[in-house]
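Inspection log for the structure reproduced underneath, given as structure tokens.
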Amino acid sequence: LSIPAGTFSGTGGIIDSGSTALTLPEAAYTPLREAVIQSVDGKAQRLSQEEINQLAGGDVSSVLNLCYNVSASDTTTLQSVFPTLAIVMDGANLDLPPQNYLWLFDNLVCFCVYDSNSVVGQPITIIGDVAMRNKLVVYDRGARKIGFQALSCRNA
């Protein structure tokens, strides 16, 4: 993606299982969102904001604003429709299959990545619990490192 150099420099980041979504600085969020839209275009029906609000029973545009009519229970379909994302950090890579950046409902999936400037008022990266689904997260505070390992939580 075309993300300007320095987008993540000096802004810090948080790995936070108490936060739900993945939030990124606007300079990373916008090209990521557009890349997902382009990748999914023609593979799944994108819902209008009016349709999303109707399904939710009210105005949810600040939270759910990019949704598709796709079965959330079929991971093979999800993976054929939506791209796998990767967050590359100094010393650690976090691969995100679709179920790690989408809200999963019955026959509806919604983008669960937000512009941190809009959400928290500053350009910061927060990796929330959706991005950590089926991941073993290892914190080495002494060495100031973090690691991620794929793990099926059904078997844990």
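The values are calculated or read from the model by the stated rules, or taken from the named source; none is laboratory data. Keep in mind it's a predicted model, so treat the numbers as computed, not measured. Reconstructed Cβ throughout: ideal geometry from the backbone, glycine too, with neighbour counts over all protein chains shown. Just so you know, the surface numbers come from the protein's heavy atoms only, side chains and all, with ligands and any DNA or RNA stripped out. Shrake-Rupley method; radii C 1.70, N 1.55, O 1.52, S 1.80 Å.
Brief remarks follow.
- The strands (runs of 3 or more DSSP E) found wholly in the range 94-156 and carrying at least 1 residues that are under 30 Å from Glu51 (Cα atoms) occupy 102-104, 109-111, 113-115, 125-127.
- Failed item in (1) open to solvent by 30 Å² or more (accessible area, probe 1.4 Å); (2) within 15 Å of Phe111 (Cα to Cα); (3) of a type outside the set (A, V, I, L, M), with Thr23 passing the rest: (1)
- Of all residues in the range 47-58 being over 21 Å from the mean Cα position of the chain (by Cα) and surrounded by 11 or more Cβ atoms within 10 Å (Cβ to Cβ), the one that is farthest from Val109 (Cα to Cα): Gln54
- Among the candidates Pro31, Pro98, the residue that is surrounded by fewer than 18 Cβ atoms within 10 Å (Cβ to Cβ) and either in contact with an Asp or Glu (Cβ under 6 Å, 6 or more places away or on another chain) or without any contact (Cβ under 8 Å) to a residue 40 or more places away in the chain (or both) is uniquely Pro31.
- Residues that are buried (at least 19 other Cβ atoms within 10 Å of the Cβ) and more than 21 Å from Ser116 (Cα to Cα), drawn from the range 59-71: Tyr68, Val70
- Condition met for Asp140 (touching a Gly at 6+ places or on another chain (Cβ under 9 Å), open to solvent by 60 Å² or more (accessible area, probe 1.4 Å) and within 14 Å of Asp16 (Cα to Cα)): no
- Applying the criterion of being under 14 Å from the mean Cα position of the chain (by Cα) and in contact (Cβ under 8 Å) with a residue 40 or more places away in the chain to the residues of the range 34-45, the residue that is nearest to Pro97 (Cα to Cα) is Val36.
- Complete set of residues in the range 1-20 that are open to solvent by less than 70 Å² (accessible area, probe 1.4 Å) and touching a helix residue (DSSP H, G or I) at 6+ places or on another chain (Cβ under 6 Å): Ile3, Thr7
- Residue selected from the range 78-93 under the condition in contact with a Leu (Cβ under 9 Å, 6 or more places away or on another chain) and not in a loop (DSSP other than H, G, I, E, B), by the criterion least open to solvent (accessible area, probe 1.4 Å): Leu78
- Some residue of the range 38-46 being of a type outside the set (Phe, Trp, Tyr) and at positive phi: yes
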